[in-house]
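Below: one structure, written as structure tokens.
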Amino acid sequence: IVAVKIKNKQALMKIGYCRETLNSISSAVTGSRGTVYNANEFIIGILAPSATKTFKNEINGIKVAQKIISILREHNSKFKDKISFGIGVHEGDLVVEIDKQTNRLKFTSLGNTISLARKIAESAESEFLISQPMHKKTSPTVKTRKKVKGDLDVYEVTSIVDREENAEFISRFKERNQYSG
């Protein structure tokens, strides 16, 4: 779940170029085969295995959040009408069904899956934070810094180690340095 809280959404929806930026947030989610759900000040991106066709959506969710934060920061650097935001990323259980007629995702959150993502987004100040379960699942690949926001232990993402990018170099290095004895 990628939850984006747009803290001044009502005012921004009246401005054309702000609406375009908010639409590009939705495009970042759908571009990763996710589903977008709008609820008041929140834009919720759901990366469910039935839609993305993979069970490894954690890193994908973090990459989507990175794309969204760069869209919002670029907007805020270019325009006088600033977007006040927070992004929260969490993983958890959902009951998901794809409606055959409309081809839309229907879902029900189990436990606090969506509410925790929203709570993290609400506490974020122009940053994106991930939950503790998300941190545990992604810690070998995602470098973070721990933060405490109220009663929440959250993690700010500092970088992603893209192992696929280095895979070819590593395999060539191994081949060159193999011993023939």
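Each Lys or Arg adds one and each Asp or Glu subtracts one; over the other residues with Cβ under 11 Å from the Cβ of residue 5, this totals +1.
Axis angle, to the nearest 10 degrees, between helix 58-78 and the longest C-alpha principal axis of the chain: 50 degrees. With K and R counted +1 and D and E -1, the other residues having a Cβ less than 15 Å from that of residue 97 yield a net charge of +1. Inter-part distance, region 110-127 to region 1-54, computed on C-alpha centroids, equals 14 Å. Secondary-structure-derived ellipticity at 222 nm for the chain, considering helices only, amounts to -12500 deg cm²/dmol, per-run term -39500 (n - 2.57) for DSSP H runs with n ≥ 4. Of the chymotrypsin sites (Phe, Trp or Tyr not before Pro) found in region 78-179, those that fall in a DSSP loop while having at most 16 other beta-carbon atoms within 10 Å are 79, 179.
Taking the accessible area of region 43-134, probe 1.4 Å, and keeping the other protein chains in place, the carbon and sulfur fraction comes to 50%.
With 25 Å as the limit, the listed pairs 63/100; 56/136; 67/149 have 63/100 beyond it between alpha carbons. A cut-off under 11 angstrom between Cβ atoms defines the neighbours of residue 58, and their net charge, with Lys, Arg +1 and Asp, Glu -1, is +3. Approximating the spin labels as points 7 Å out from Cα along Cα→Cβ, the residue 132-to-residue 53 distance works out to 3.7 nm. Can you tell me what share of the DSSP beta bridges in the chain is antiparallel? A percent to the nearest 5 is fine. Counting DSSP beta bridges with both partners in the chain, the antiparallel share is about 90 percent. The angle separating the long axis of helix 113-123 from the principal Cα axis of greatest extent in the chain is about 80 degrees. Contact order, relative form, for the chain: 20 percent (alpha carbon pairs under 8 Å, 6 or more residues apart, mean separation divided by residue count). Legend: residues 110, 72, sorted from most to least accessible area (1.4 Å probe; ligands, DNA and RNA excluded), read 110, 72.
Scanning residues 5 or more positions from residue 48 or on other chains, those with amide H under 5 Å from its amide H are 35, with H placed 1.01 Å from N in the peptide plane. The residues of the chain expose, per residue, 59 Å² of accessible area to a 1.4 Å probe.
Loop-located trypsin sites (Lys or Arg not before Pro) across region 81-174 with a Cβ neighbour count of 13 or fewer within 10 Å are 100, 104, with loop assigned by DSSP.
The values are calculated or read from the model by the stated rules, or taken from the named source; none is laboratory data. Just so it is clear, the model here is predicted, and its values are computed rather than measured. A quick note on method: Cβ atoms are made from the backbone with ideal geometry, for glycine too, and the neighbour counts reach across all protein chains shown. Note: accessible area is taken over every heavy atom of the protein model, side chains too, but ligands, DNA and RNA are not part of it. Shrake-Rupley method; radii C 1.70, N 1.55, O 1.52, S 1.80 Å.
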